[in-house]
Amino acid sequence: MERYCIENYLIDEEAVAIAIQGRLKCEMDTVKQKLKFEKWYKIMTAQFLQLTILQALIIKHDLRLKFGHPSQHIKPKHWKIEKKGIAKLEREINTRLKAKGISITSEKNLIKTAISKVYCKNVAYCISGKYLLASLQRYICGITSRHCFEDDLKPILLHNFDISELNYMKPKVEPLLAK
C-alpha cells in the first residue's frame, strides 16, 4: 500500500463533508467552509509526524521511555496534540541521546529521510490513519457541537471515500487472483 494503513484512505475531504452534512443541515459548500479539512489535515499530519519521529528515536536507540499510543497525546476534549507533553518527551530524548553522544537533530533528519524514501508521494502517509481518525472524530465534535463516535464515523467514510485512490493496486492483485 502507498499509505500506512487502510484507514488512511478513508480520510478524504468529500467523505468527511458528507458525514457531517446531516448534522450541520446546510449546503455542501457551506459544510466544506466550516470543515476546513485541509487546515485540520495539515496540522494533524505535522503533529503526528513529529510524534512518529520521536517514537522512532525511542525505539532505534532503545531509550526505554514510555511513549504510549500516539492518539493518547491528543488534548482531552480537543483534537490537537498536547504540545507541552511532546516538548517534555523531546527534551528527555535529547538528554538521553546526548549522553550517548548522539545529536537529536541529525537523528531526526535521518528518520525523516528514511520516511521520505518509503512514502515519497506524501510523507503524511506514514501517519497511521487510526491516529488521524481519533483526532478527526474530536474535530467533528467541535464543528457539529455533537458527540461523534468513531464507530459511527468509519462506515460513513467507508461508503463515501474516493475509491479510485486504490486503483494502483488492481494490476498487482489481478495476477494473484489468476493463479
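For trypsin sites (Lys or Arg not before Pro), the sites in the stretch 1-32 that DSSP calls loop and that have at most 10 other Cβ atoms within 10 Å are 25. For the stretch 71-161, the set of chymotrypsin sites (Phe, Trp or Tyr not before Pro) satisfying both a DSSP loop assignment and a count of at most 14 other C-beta atoms within 10 Å is given as 149.
In a fully extended conformation the segment linking residue 151 and residue 105 would gain 12.7 nm over its present Cα-Cα distance, using 0.36 nm per residue.
Only sites in a loop by DSSP and with at most 16 other Cβ atoms within 10 Å count here; which GluC sites (Glu not before Pro) in the stretch 43-137 make the cut?
82
Relative to the dominant Cα principal axis of the chain, helix 129-144 is inclined by about 60°.
For residue 30 and residue 92, compute 0.36 nm times the residue count separating them, minus their Cα-Cα distance, and round to one decimal in nm.
Details: separation 62, 0.36 × 62 = 22.32 nm, distance 4.42 nm.
Result for the pair: 17.9 nm of gain on full extension.
Measure out, as a whole number of angstrom, how far apart the alpha-carbon centroids of the stretch 51-104 and the stretch 149-176 sit. Cα centroid of the stretch 51-104 versus Cα centroid of the stretch 149-176: 32 Å apart. For residue 74, the residues whose modelled amide H falls within less than 5 Å of its own, excluding neighbours fewer than 5 places apart on the same chain, are 82.
Over 25 Å between Cα atoms, which of 32/77; 117/154; 34/75; 77/121; 39/77; 88/117 qualify? Walk me through the numbers before you get to the answer.
Numbers: 32/77 23 Å; 117/154 30 Å; 34/75 21 Å; 77/121 32 Å; 39/77 19 Å; 88/117 29 Å.
Beyond 25 Å between Cα atoms: 117/154; 77/121; 88/117.
Is the chain rounded, prolate or oblate when judged by the Cα gyration tensor, a ≥ b ≥ c being the square roots of its eigenvalues, rounded requiring a/c under 1.5 and prolate requiring a/b larger than b/c? Here the chain falls in the oblate category.
Here, each number is a calculation from the coordinates, and none is a lab measurement. Quick caveat, the model's predicted, so the values are computed rather than measured. Because the Cβ atoms are built from the backbone with ideal geometry, glycine has one as well, and the counts that use them run over all protein chains shown.
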